[in-house]
Amino acid sequence: MALSTLTSTAAADVATDVASSTDSATCAVTAAAAAAATTAAATTAADAATTTDAASGQNLQTFTGDVGGSLPPAVTTGERGFVVAGETGDSFLNLSAAIQRSCSIQHNACADAVNSGTGGAGVTVGDCDTQNTQCTAA
């Protein structure tokens, strides 16, 4: 059973126990506390999953689109935050900035391929722009 499920179940049990033995004002406060505990547990579980992936050296860039013929560079942990493959000397303190840079590199490679005629038949820079939006949202 996941951490968030256990915490949610425990919080619900506490709220039910308190509800049977106190007035409605206390129940409302307890229910709000149980909801907050559930949200905190879910956030902690998600953060732990990201931390585990990052600690394993796994590629944290999950986007796999390749319009124009190139994938976004890998994003992994570095000595100081996150590193984008191929970027020498640059590191990013937060994952979203590193993902955004990875997507930008892919966008530039896509646009370069389109402009040089090697991006594939019918591929436009607009297609690269759309892919960049999808990449940063992934």
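Derivation of every value follows stated rules applied to the coordinates shown; laboratory data play no part. From a predicted model like this one, the values you see are computed outputs, not experimental measurements. In this analysis, Cβ positions are derived from the backbone assuming ideal geometry, glycine residues included, and neighbour counts consider all displayed protein chains.
Sorted on the mean count of surrounding Cβ atoms within 10 Å across their residues, most packed first, peptides 81-93, 101-113 read 101-113, 81-93.
Between the residues VAL125, CYS135, HIS107, the greatest Cα displacement towards the positive end of the dipole of the range 75-135, with unit charges on the Cβ of Lys, Arg, Asp and Glu, is found for CYS135.
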